[in-house]
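Taking it in order: structure first as structure tokens, then the write-up.
The values are calculated or read from the model by the stated rules, or taken from the named source; none is laboratory data. For clarity, every value in this text was computed on a predicted model and none was experimentally measured. Quick reminder, even Gly has a Cβ in these numbers, built from the backbone with ideal geometry, and neighbours come from all protein chains shown. The accessibility values were calculated without ligands, DNA or RNA, using every heavy atom of the protein model including side chains. Shrake-Rupley method; radii C 1.70, N 1.55, O 1.52, S 1.80 Å.
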Amino acid sequence: MSYQPYEPLNCLKPITDNIWLVDGPIVEMSYMKVLSIPFPTRMTIIRLSDGRLVVHSPTLLTADLKASVDALGKVAFLLSPNRIHYVYLNSWKEAYPEAQVWAAPDVRENVPDVAIDHVFGEDGAPDWGDEMRYVLVPGSYMTELEIFHNPSRTLVLTDLIENFEEDREGGTLMKIAMKCGGVVDPNGSTPRDLRQTFSYKHKRTTKQAVEKMIAWGPERVIIAHGRWYEKDGTRELKRAFGWLLK
């Protein structure tokens, strides 16, 4: 099975003022404990008004990418948004030793080899001023960190919504798995296996977190896997979380 990546890879892609994406290499992930599924990866970089950079879910750091990032500003924050998005954190920390590594709750316990400086909630939040907001979505398997950039009205999610384009999917098994998971474009949503972790014992707090994100009124929603939402972000949130909000 294969998935056509969002080339070009490992390079900055400007989205709007002070927001860039980097599409990284394909990674293999276990899906519903049955299949190994190729997942496209994506990193988001946000530049604050003082020039500091927030790097969300770091992907592979190449020499050319590092040079491009250095030209944007100072890497100040490296974010691990959940317990399965951490692979490249250490290499970024080595490249930027002065950057603070902030992680979602439970990353440190489940991934002890990652050098984490602070945990959202337990240690408060980074000194982002009024430019950034965040919310934690608690689940039985993992808690996910979601961030919002106020000036651009950009919401950055990770696995809470996945949206795979069928024409990029290679192989019948993968197409079946994606459809069973409820994550096929244009109807991307929370994968059905992850819905259980967020709704079992956590439905009320998960719903509150989603309602908070909707209230922020995002114009765009960036996700880590699949086609992200360049417009109508608030409407897409309401649609994607229909399983939770109904």
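Take the residues in the stretch 209-235 that are in contact with a Gly (Cβ under 8 Å, 6 or more places away or on another chain) and not small (Gly, Ala, Ser); name whichever of them is nearest to residue 86 (Cα to Cα). This residue is 223. Could we say that residue 19 is open to solvent by 10 Å² or more (accessible area, probe 1.4 Å), among the β-branched types (Val, Ile, Thr) and in contact with a strand residue (DSSP E or B) (Cβ under 8 Å, 6 or more places away or on another chain) here? No. Of all residues in the stretch 41-94, those being basic (Lys, Arg) and open to solvent by less than 30 Å² (accessible area, probe 1.4 Å) number 1. For residue 181, the stated conditions hold: it is surrounded by 19 or more Cβ atoms within 10 Å (Cβ to Cβ), touching a residue at least 40 places away in the same chain (Cβ under 8 Å) and farther than 19 Å from residue 77 by Cα.
For (1) closer than 20 Å to residue 188 by Cβ; (2) in contact with a helix residue (DSSP H, G or I) (Cβ under 6 Å, 6 or more places away or on another chain), each residue gets a yes or a no:
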position	(1), (2)
98	no, no
103	no, no
116	no, yes
119	no, no
141	yes, yes
151	no, no
158	yes, no
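Among the criteria (1) on the phi > 0 side of the Ramachandran plot; (2) among the small types (Gly, Ala, Ser); (3) crowded, with 18+ Cβ neighbours inside 10 Å; (4) touching a Ser or Thr at 6+ places or on another chain (Cβ under 9 Å), the one residue 139 does not fulfil is (1).
Which residues, taken from the stretch 95-121, are open to solvent by 20 Å² or more (accessible area, probe 1.4 Å), part of a loop (DSSP other than H, G, I, E, B) and farther than 27 Å from residue 68 by Cβ? Hits for the stretch 95-121 are 105, 106, 112, 113.
So which residues in the stretch 186-218 are crowded, with 16+ Cβ neighbours inside 10 Å and in a loop (DSSP other than H, G, I, E, B), if there are any at all? 188, 190, 191, 202, 218, listed by residue number. For beta carbons closer than 7 Å, sequence separation of 6+ or different chains, a first residue in the stretch 164-175 that is under 17 Å from residue 229 (Cα atoms) and a second that is β-branched (Val, Ile, Thr), the qualifying pairs are 164/183; 164/184; 166/184.
Within the stretch 203-213, does at least one residue satisfy the condition of being at pLDDT below 95, of a type in the set (Val, Ile, Thr) and more than 15 Å from residue 236 (Cα to Cα)? Looking through the stretch 203-213, none of the residues is at pLDDT below 95, of a type in the set (Val, Ile, Thr) and more than 15 Å from residue 236 (Cα to Cα). Among the numbered conditions (1) open to solvent by 20 Å² or more (accessible area, probe 1.4 Å); (2) within 15 Å of residue 240 (Cα to Cα); (3) touching a strand residue (DSSP E or B) at 6+ places or on another chain (Cβ under 7 Å), the only one that residue 222 does not meet is (1).
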